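Student: Please read through the structure below; I'll follow up with questions.
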Amino acid sequence: MNVIITGASRGIGKGIAQVLVKAGHNVGLLARNKSELTSLKSELDAVGGQCEIESCDIRNHAQVQDAIDSLIDRLNGIYGLINNAALIIRKDIIELSADEWDSMIETNVNGVFYATKAVIPHLVNKKQGHIINISSISGRMPLEKGSGYAASKYAVTGFSESLFHEIRNFGIKVSTVFPGSVNTRFDTDHKDQDNSWKVDPDEIGEACLHILNTPDQTCISRVEIRPLRKS
Ligand SMILES: NC(=O)c1ccc[n+]([C@@H]2O[C@H](COP(=O)([O-])OP(=O)(O)OC[C@H]3O[C@@H](n4cnc5c(N)ncnc54)[C@H](OP(=O)(O)O)[C@@H]3O)[C@@H](O)[C@H]2O)c1
């Protein structure tokens, strides 16, 4: 199947791409960093399957539409979209600036909407497809020193779980994934600590693969993935 993944230059998005390609799927990868995307493409081309990349800023509606159109064209169709790109700024309300709030909402919420809007006509036309939205535990539980991030992820959860009801009768599946702590460079507050206890990004990829592989009439609508031990 052909799957587009946003935020695929590193971290969880890269882990998902590696797992899907190893399983024989074709991927279209989006992020801003062209050199990271290019080096991931070289790695995945050696594994097999088709990997196409597009550099774009998920906050820019026109760029997202163009990039997704181009990926769908080069992949010759789309089955799945994994909305994964996001930004976290761990500050409380005293410290968080309006610009920082805006950049989290634009990346984490608007970006999910723009990418989803770009793929919907293709999925509706085919009467099949699957959208997986990467929310967070902070999309259903409070996060101290993270009210802006939590607000953006609660929005993703609300959008994703409502979308499931809006498009299920078109034969399109929507799944919401709620990771706990994952070993990426996402939360820079903890980058110098031992993060080996956290979930490996590949494990989120394995979960997405499982979610994508359910029978036609079945949809896994929510999945929560946490590290077994806390530190
Ligand atoms: N890591 C965790 O503990 C954790 C826990 C729960 C949920 N999550 C969720 O998992 C997802 C991935 O997180 P991660 O840990 O893998 O983060 P990460 O390592 O920081 O990677 C974020 C990805 O998003 C892309 N991105 C950020 N801003 C973008 C923009 N404006 N336009 C296009 N792409 C953009 C980045 O690429 P460029 O910089 O190249 O654009 C990168 O590929 C996020 O939705 C996050 O909320 C993470």
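The values are calculated or read from the model by the stated rules, or taken from the named source; none is laboratory data. For clarity, every value in this text was computed on a predicted model and none was experimentally measured. Cβ coordinates were reconstructed from backbone atoms using ideal geometry, including for glycine residues, and neighbour counts include every protein chain displayed. Areas reflect the complete protein model, heavy atoms only, side chains present, ligands, DNA and RNA absent. Shrake-Rupley method; radii C 1.70, N 1.55, O 1.52, S 1.80 Å.
Student: Tell me, which residue of the stretch 80-137 that is of a type in the set (D, E, K, R) and within 16 Å of the ligand (Cβ to nearest atom) is nearest to Ala67 (Cα to Cα)? Break it down into steps so the answer makes sense when it comes.
Tutor: Keep residues of the stretch 80-137 that are of a type in the set (D, E, K, R), which gives 90-92, 95, 99-100, 102, 106, 117, 126-127.
Remaining after also requiring within 16 Å of the ligand (Cβ to nearest atom): 90-91, 99-100, 102, 106, 117.
Values: Arg90: 30, Lys91: 32, Asp99: 26, Glu100: 25, Asp102: 23, Glu106: 17, Lys117: 13 Å.
Filtering the stretch 80-137 for residues that are of a type in the set (D, E, K, R) and within 16 Å of the ligand (Cβ to nearest atom), the one nearest to Ala67 (Cα to Cα) comes out as Lys117.
Student: Residues being within 17 Å of Asp187 (Cβ to Cβ) and under 15 Å from the mean Cα position of the chain (by Cα): count how many of those fall in the stretch 95-120.
Tutor: At the first step, the residues of the stretch 95-120 found to be within 17 Å of Asp187 (Cβ to Cβ) are 95-96, 100, 103-104, 107-108.
Remaining after also requiring under 15 Å from the mean Cα position of the chain (by Cα): 104, 107-108.
Number satisfying all stated conditions: 3.
Student: Sticking with this structure for a sec: Which one of Arg74, Arg32, Arg59, Arg10 is of a type in the set (Lys, Arg) and away from the ligand (no atom under 14 Å from the Cβ)? Explain how you work it out, then say what you get.
Tutor: Details: Arg32 fails: away from the ligand (no atom under 14 Å from the Cβ); Arg59 fails: away from the ligand (no atom under 14 Å from the Cβ); Arg10 fails: away from the ligand (no atom under 14 Å from the Cβ).
Just a single option satisfies the conditions, and that option is Arg74.
Student: Can I ask one more? Anything in the stretch 32-55 that is out of contact with any Asp or Glu (no Cβ under 9 Å at 6 or more places or on another chain) and among the aliphatic types (A, V, I, L, M)? List them, or say none.
Tutor: Within the stretch 32-55, Leu40, Leu44, Ala46, Val47, Ile53 qualify.
Student: Answer yes if at least one residue in the stretch 201-219 is in a loop (DSSP other than H, G, I, E, B), on the phi < 0 side of the Ramachandran plot, within 12 Å of the ligand (Cβ to nearest atom) and charged (D, E, K, R), and no otherwise. Steps first, answer last, please.
Tutor: Within the stretch 201-219, the first condition is being in a loop (DSSP other than H, G, I, E, B), and the residues that meet it are 213-219.
Within this subset, residues satisfying the condition of being on the phi < 0 side of the Ramachandran plot are 213-219.
In the following step, the residues that additionally are within 12 Å of the ligand (Cβ to nearest atom) were identified as none.
Looking for residues that are in a loop (DSSP other than H, G, I, E, B), on the phi < 0 side of the Ramachandran plot, within 12 Å of the ligand (Cβ to nearest atom) and charged (D, E, K, R), one finds none in the stretch 201-219, hence no.
Student: Taking the residues in the stretch 151-177 that are within 16 Å of Cys219 (Cβ to Cβ) and crowded, with 20+ Cβ neighbours inside 10 Å as candidates, determine which candidate is farthest from the ligand (Cβ to nearest atom).
Tutor: So, considering only residues that are within 16 Å of Cys219 (Cβ to Cβ) and crowded, with 20+ Cβ neighbours inside 10 Å, the one farthest from the ligand (Cβ to nearest atom) is Ile172.
Student: Further, regarding this structure: Any chance you could count how many residues in the stretch 7-42 are surrounded by fewer than 23 Cβ atoms within 10 Å (Cβ to Cβ), closer than 18 Å to Pro179 by Cα and in contact with a strand residue (DSSP E or B) (Cβ under 9 Å, 6 or more places away or on another chain)?
Tutor: 2
Student: Tell me, which residue of the stretch 178-231 that is of a type outside the set (D, E, K, R), open to solvent by 80 Å² or more (accessible area, probe 1.4 Å) and over 21 Å from Thr6 (Cα atoms) is modelled with the lowest pLDDT?
Tutor: Ser231
Student: List the pairs whose first member sits in the stretch 194-205 and is in contact (Cβ under 8 Å) with a residue 60 or more places away in the chain, whose second member is open to solvent by 60 Å² or more (accessible area, probe 1.4 Å) and more than 9 Å from the ligand (Cβ to nearest atom), and whose Cβ atoms are under 9 Å apart, counting only residues at least 6 apart or on separate chains?
Tutor: Filtered contacts from the stretch 194-205: Gly205/Lys22.
Student: Looking at Ser175, is it within 30 Å of Glu95 (Cα to Cα), of a type outside the set (Lys, Arg) and either over 20 Å from the mean Cα position of the chain (by Cα) or outside any loop (DSSP other than H, G, I, E, B) (or both)?
Tutor: No; evaluated as a whole, the condition is false for this residue.
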